[in-house]
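Novice: Following this message is one structure expressed as structure tokens.
The values are calculated or read from the model by the stated rules, or taken from the named source; none is laboratory data. Source: prediction; values computed, not measured. Cβ placement follows ideal geometry from the backbone for every residue including glycine, while neighbour counts extend to all protein chains displayed. The protein model used for the area step is the full one, side chains on, heavy atoms only, and it has no ligands, DNA or RNA in it. Shrake-Rupley method; radii C 1.70, N 1.55, O 1.52, S 1.80 Å.
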Amino acid sequence: MKGYRMSVIRHGRTEANEKGIYIGQTDYVLSDKGAAELLAKTDEYEYPHVARVYSSPLRRCLETAELLFPDTPIQTVDNLIEMNFGVFEGKSSDELVSQEAFRTWLKGGVDCRPPQGESVKEVQLRIFRALCEMIADMMQADLLHCAVITHGGIISNMLAGFGLPKIPAQELFCEPGEGYDILVTADLWQHSQAFEILGMTPYQNQSYPD
């Protein structure tokens, strides 16, 4: 059965990432250091050859897409945007640790949300809608390999929620400009709303998979 490969990659570093603050849906651009790191990775690693790039609409993702895949069409997918951290946006853990609402949120639970923000359950529903949109587009256009540029939290929740084998979200961290290859087949997606996790991306030079 035909498979559709997605290389799901985390955006490059921003000044907010460097300061350790929650930015979620705040629209930061890449920092100079973040852009330089991505360009260095294009020399060090082999990024996949893809037919299309699906991207979160935030500028840090669009800029990452342009740097990593400069000659590839980019299509924004609104539901790939990062979690809304509500009143925690723009603040660091050190600033928030004294707040009861922050400590409660850190204890977790899929229904727990920051004040004025989103819960994990709500994010998972958005991710499902994003996957449905991208998979349908790939199948309709017969695109066998595409890239997805999104956010660290979206990647970990996407793979933990829909990926096989089952891996906890906290174990699915990836560095900026890096991520995971996944394989979607019509049968597995239609019957189980699941995909196969293949491994890390980008690839070591000279080891691009067949």
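Novice: For residues that are touching a Lys or Arg at 6+ places or on another chain (Cβ under 7 Å) and loosely packed, with under 15 Cβ neighbours inside 10 Å, tally how many sit in the stretch 19-28.
Specialist: Within the stretch 19-28, the subset touching a Lys or Arg at 6+ places or on another chain (Cβ under 7 Å) is 21-22, 27-28.
Narrowing further to those that are loosely packed, with under 15 Cβ neighbours inside 10 Å: 27.
Total meeting the criteria: 1.
Novice: In the stretch 189-203, which residue that is closer than 27 Å to GLU46 by Cβ and either open to solvent by 20 Å² or more (accessible area, probe 1.4 Å) or part of a strand (DSSP E or B) (or both) is modelled with the lowest pLDDT?
Specialist: Narrowing the stretch 189-203 to residues closer than 27 Å to GLU46 by Cβ: 195-203.
Restricting the remaining residues to those that are either open to solvent by 20 Å² or more (accessible area, probe 1.4 Å) or part of a strand (DSSP E or B) (or both) gives 195-201, 203.
Numbers: PHE195: 98, GLU196: 98, ILE197: 98, LEU198: 97, GLY199: 95, MET200: 96, THR201: 96, TYR203: 90.
Applying the filter and picking the extreme gives TYR203.
Novice: Residue check, ASN84 against (1) at pLDDT below 95; (2) within 13 Å of ILE23 (Cα to Cα), all met but one. Which one?
Specialist: (1)
Novice: Right, another one. Take the conditions touching a residue at least 40 places away in the same chain (Cβ under 8 Å), closer than 28 Å to PHE128 by Cβ and more than 19 Å from the chain's Cα centre (by Cα) and apply them to PHE88. Does it pass?
Specialist: Working: touching a residue at least 40 places away in the same chain (Cβ under 8 Å): yes; closer than 28 Å to PHE128 by Cβ: yes; more than 19 Å from the chain's Cα centre (by Cα): yes.
So PHE88 passes the test.
Novice: List every residue pair whose Cβ atoms lie under 9 Å apart, where the two residues are 6 or more positions apart in sequence or sit on different chains, the first residue falls within the stretch 165-177 and is in contact (Cβ under 8 Å) with a residue 60 or more places away in the chain, and the second residue, located anywhere, is surrounded by 10 or more Cβ atoms within 10 Å (Cβ to Cβ) and aromatic (Phe, Trp, Tyr).
Specialist: Hits for this filter: CYS174/TYR180; GLY177/TYR45; GLY177/TYR47.
Novice: Just checking, how many residues over the stretch 38-61 are buried (at least 19 other Cβ atoms within 10 Å of the Cβ) and within 29 Å of ARG113 (Cβ to Cβ)?
Specialist: Number of matching residues: 6.
Novice: I've got another one for you. Quick check on LEU106: is it surrounded by fewer than 17 Cβ atoms within 10 Å (Cβ to Cβ), touching a helix residue (DSSP H, G or I) at 6+ places or on another chain (Cβ under 9 Å) and of a type in the set (A, V, I, L, M, F, W, C)? Full working, then the answer.
Specialist: Values: surrounded by fewer than 17 Cβ atoms within 10 Å (Cβ to Cβ): yes; touching a helix residue (DSSP H, G or I) at 6+ places or on another chain (Cβ under 9 Å): yes; of a type in the set (A, V, I, L, M, F, W, C): yes.
The answer is yes for LEU106.
Novice: Here is a further query. Quick check on my filter: what residues within the stretch 10-53 are in contact with a helix residue (DSSP H, G or I) (Cβ under 6 Å, 6 or more places away or on another chain) and either assigned to a loop (DSSP other than H, G, I, E, B) or of a type in the set (S, T, N, Q) (or both)? Even if it seems obvious, please write down each step before you answer.
Specialist: Just the residues of the stretch 10-53 that are in contact with a helix residue (DSSP H, G or I) (Cβ under 6 Å, 6 or more places away or on another chain), to begin with: 10-14, 22-23, 27-31, 38, 47, 53.
Of everything in the stretch 10-53, those that are in contact with a helix residue (DSSP H, G or I) (Cβ under 6 Å, 6 or more places away or on another chain) and either assigned to a loop (DSSP other than H, G, I, E, B) or of a type in the set (S, T, N, Q) (or both) turn out to be HIS11, GLY12, ARG13, THR14, TYR22, ILE23, ASP27, TYR28, VAL29, LEU30, SER31, TYR47.
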